Protein chains: 2
Amino acid sequence: MPATPPTDFPDAPDATRRTRGRPRKTLDERDDGNRRQALLQAAAHLFRQQGFAGTSTRDIAAAAGMQAGSPFYHFENKQALLAGVMLEGMQRAVEHQRQALAQADAAGQVDARQRLRVLVRAHFDVLLGPQSDFVPVMLYEWRSLSAGQRAEVNRLRSAYEAAWLPVLQALHASGALRGDPGLARLLIFGALNWSAQWFDARGRATLDELTDTALTLFLRDAA
Amino acid sequence: MPATPPTDFPDAPDATRRTRGRPRKTLDERDDGNRRQALLQAAAHLFRQQGFAGTSTRDIAAAAGMQAGSPFYHFENKQALLAGVMLEGMQRAVEHQRQALAQADAAGQVDARQRLRVLVRAHFDVLLGPQSDFVPVMLYEWRSLSAGQRAEVNRLRSAYEAAWLPVLQALHASGALRGDPGLARLLIFGALNWSAQWFDARGRATLDELTDTALTLFLRDAA
DNA sequence: CCTACCGATCGGTAGG
DNA sequence: CCTACCGATCGGTAGG
């Protein structure tokens, strides 16, 4: 990505250029997808705190340091901003899951029990770790997407969820997990996803302890 | 409660009273808290479908067969409508739980495992059964309440949740439930509450089957 | 990306 | 509970 040369205003008197009017943006703030990213970040945060309908595009613009109309230079409309947040959230989730599983493979952790631990821990990372506004927005602002956007997000979501089923089926086959694996998966996702409502990063439990408790709750001991 | 005598309009010509102007409301539609109840019902439904911020008081009025300004005759503001929905939802939940436990007592079901089944089933009833808009609104529109309203709703919610802990502690003591009962309770509530997002009453699973699967997932078999 | 603006909608009220 | 209405806010756009 080539650095854009600083374009001066030819008609501005040189001495006052830096002191009059609104402060100049630094080069770094201007170029490439930087501002788009700032909008997504701000939108994720506000959508999570106040919901989609409860957040104005002006709020988002202000949080990203822009004027009221500027978000529409980067996104077609408010809904496209929401879809952007969700797609980014799911891409991160899929990628983090992929890396976690690859690392487990490299460490020779092929046991279904170990793999479930990896999946649960990666899930908590994405849901409760730093920068964790994107996925909760996906989970809770679902209904505000158009049908087409929903389908697009759903493709990533299905890929993410698909990784769980073979692991749960293996655990069911070995007797470590009881009940229909499909229904069990829904209940387990619920248990994990609900943590976004109550987990406090400053509180007592760490993500490791949470993972332990969840696995202890769902799985039987090895015979 | 004394029946209100039908008050006629003294200056309305008798013959046309029933045919001109907007149709008369029947007595039944007019008196007491009937209209208030219709507003709560409509609000619960719309808040659930579209969220609090995404629903206008005009939508609610129309759904209850009123004009735009009329909800404010019954409720101070939009937020009071939301609080009304949540309080009604929690009152129903607490009452249903109380009845279910009383019935279990009468049937001599004092075993902790049996009591957990009763609690789970009653929870699903309130969350997924007929008229199940009130509690999901409570679960998902939390942030739109004022601090004072939140405290009021929380009192009922704490009472509801308090019934679970001794049962879970007994199951933990007997080895049927693993992990800290406090954390386990949060995970279990998550698994159950999340069902409001995916359960389809027209689908395959019944509430009984759901209850079975949940108990099988969380509890170990008797030794 | 900002400025200036528009039409629509919203929560809420006065007065009956 | 309706009628008529108000001020504020909102998503979005034209033109630079």
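The values are calculated or read from the model by the stated rules, or taken from the named source; none is laboratory data. Quick caveat, the model's predicted, so the values are computed rather than measured. Glycine also receives a Cβ, built like all others from the backbone with ideal geometry; neighbour counts cover every protein chain displayed.
If you take the residues of segment B:76-93 that are within 14 Å of DNA strand D (Cβ to nearest atom) and outside any loop (DSSP other than H, G, I, E, B), which of them is nearest to the other protein chains (Cβ to nearest Cβ)?
Taking segment B:76-93 as the starting set, the residues that turn out to be within 14 Å of DNA strand D (Cβ to nearest atom) are B:76-78, B:81, B:84.
Narrowing further to those that are outside any loop (DSSP other than H, G, I, E, B): B:78, B:81, B:84.
Working: B:Lys78: 12, B:Leu81: 16, B:Gly84: 19 Å.
This residue is B:Lys78.
Selection of first residues in segment B:91-115 that are within 19 Å of B:Leu168 (Cβ to Cβ) and of second residues that are aromatic (Phe, Trp, Tyr) and surrounded by 13 or more Cβ atoms within 10 Å (Cβ to Cβ), restricted to Cβ pairs under 6 Å at least 6 apart or on distinct chains, gives the following pairs, ordered by first then second residue: B:Ala93/B:Tyr160; B:Val94/B:Tyr160. Take segment A:149-167 and flag every residue that is over 19 Å from A:Arg48 (Cα atoms) and either in contact (Cβ under 8 Å) with a residue 12 or more places away in the chain or within 12 Å of chain B (Cβ to nearest Cβ) (or both). Matches in segment A:149-167: A:Glu152, A:Leu156, A:Ala159, A:Tyr160, A:Glu161, A:Ala163, A:Trp164, A:Leu165, A:Val167.
Conditions (1) within 17 Å of B:Leu186 (Cα to Cα); (2) exposed (fewer than 15 other Cβ atoms within 10 Å of the Cβ); (3) touching a Leu at 6+ places or on another chain (Cβ under 8 Å), marked per residue:
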site: B:Arg113; (1), (2), (3): no, no, yes
site: B:Gly129; (1), (2), (3): no, yes, yes
site: B:Met138; (1), (2), (3): yes, no, no
site: B:Glu141; (1), (2), (3): no, no, yes
site: B:Leu145; (1), (2), (3): no, no, yes
site: B:Gly148; (1), (2), (3): no, yes, no
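Could you tell me whether B:Ala170 is out of contact with any Lys or Arg (no Cβ under 6 Å at 6 or more places or on another chain), in a loop (DSSP other than H, G, I, E, B) and either among the acidic types (Asp, Glu) or away from every other protein chain (no Cβ under 12 Å) (or both)? So B:Ala170 fails the test.
Residues in segment A:52-75 that are within 13 Å of DNA strand C (Cβ to nearest atom) and either modelled with pLDDT under 95 or assigned to a loop (DSSP other than H, G, I, E, B) (or both): A:Ala53, A:Gly54, A:Ser56, A:Ala64, A:Gly65, A:Met66, A:Gln67, A:Ala68, A:Gly69, A:Ser70, A:Phe75. Selection within segment B:177-211: residues that are outside any loop (DSSP other than H, G, I, E, B) and more than 23 Å from the chain's Cα centre (by Cα). The member of this set that is surrounded by the fewest Cβ atoms within 10 Å (Cβ to Cβ) is B:Gly182.
Take B:Gln79 and tell me if it is surrounded by fewer than 16 Cβ atoms within 10 Å (Cβ to Cβ) and either farther than 24 Å from B:Leu156 by Cβ or modelled with pLDDT of 95 or more (or both). Lay out the reasoning, then the answer.
Values: surrounded by fewer than 16 Cβ atoms within 10 Å (Cβ to Cβ): yes; either farther than 24 Å from B:Leu156 by Cβ or modelled with pLDDT of 95 or more (or both): yes.
Yes; evaluated as a whole, the condition is true for this residue.
Considering only segment A:84-110, how many residues are within 30 Å of A:Glu141 (Cα to Cα) and of a type outside the set (S, T, N, Q)? Residues flagged as within 30 Å of A:Glu141 (Cα to Cα) and of a type outside the set (S, T, N, Q) within segment A:84-110 amount to 15. If you go through segment A:99-142 and pick out every residue that is within 17 Å of the chain's Cα centre (by Cα), within 14 Å of chain B (Cβ to nearest Cβ) and in a helix (DSSP H, G or I), you end up with 11.
Within segment A:41-49, does at least one residue satisfy the condition of being within 14 Å of another protein chain (Cβ to nearest Cβ), part of a loop (DSSP other than H, G, I, E, B), within 13 Å of DNA strand D (Cβ to nearest atom) and crowded, with 19+ Cβ neighbours inside 10 Å?
Keep residues of segment A:41-49 that are within 14 Å of another protein chain (Cβ to nearest Cβ), which gives A:45-49.
Filter again for part of a loop (DSSP other than H, G, I, E, B), leaving none.
No - not one qualifying residue is present in segment A:41-49.
Just checking, how many residues over segment A:76-95 are within 14 Å of DNA strand C (Cβ to nearest atom) and not aliphatic (A, V, I, L, M)?
Residues of segment A:76-95 that are within 14 Å of DNA strand C (Cβ to nearest atom), as a first pass: A:76-78, A:81, A:84.
In the following step, the residues that additionally are not aliphatic (A, V, I, L, M) were identified as A:76-78, A:84.
Total meeting the criteria: 4.
A:Leu215: within 13 Å of chain B (Cβ to nearest Cβ), within 15 Å of A:Arg121 (Cβ to Cβ) and either of a type outside the set (Asp, Glu) or in contact (Cβ under 8 Å) with a residue 40 or more places away in the chain (or both), yes or no? Give the derivation first.
Values: within 13 Å of chain B (Cβ to nearest Cβ): yes; within 15 Å of A:Arg121 (Cβ to Cβ): yes; either of a type outside the set (Asp, Glu) or in contact (Cβ under 8 Å) with a residue 40 or more places away in the chain (or both): yes.
It is true that A:Leu215 is within 13 Å of chain B (Cβ to nearest Cβ), within 15 Å of A:Arg121 (Cβ to Cβ) and either of a type outside the set (Asp, Glu) or in contact (Cβ under 8 Å) with a residue 40 or more places away in the chain (or both).
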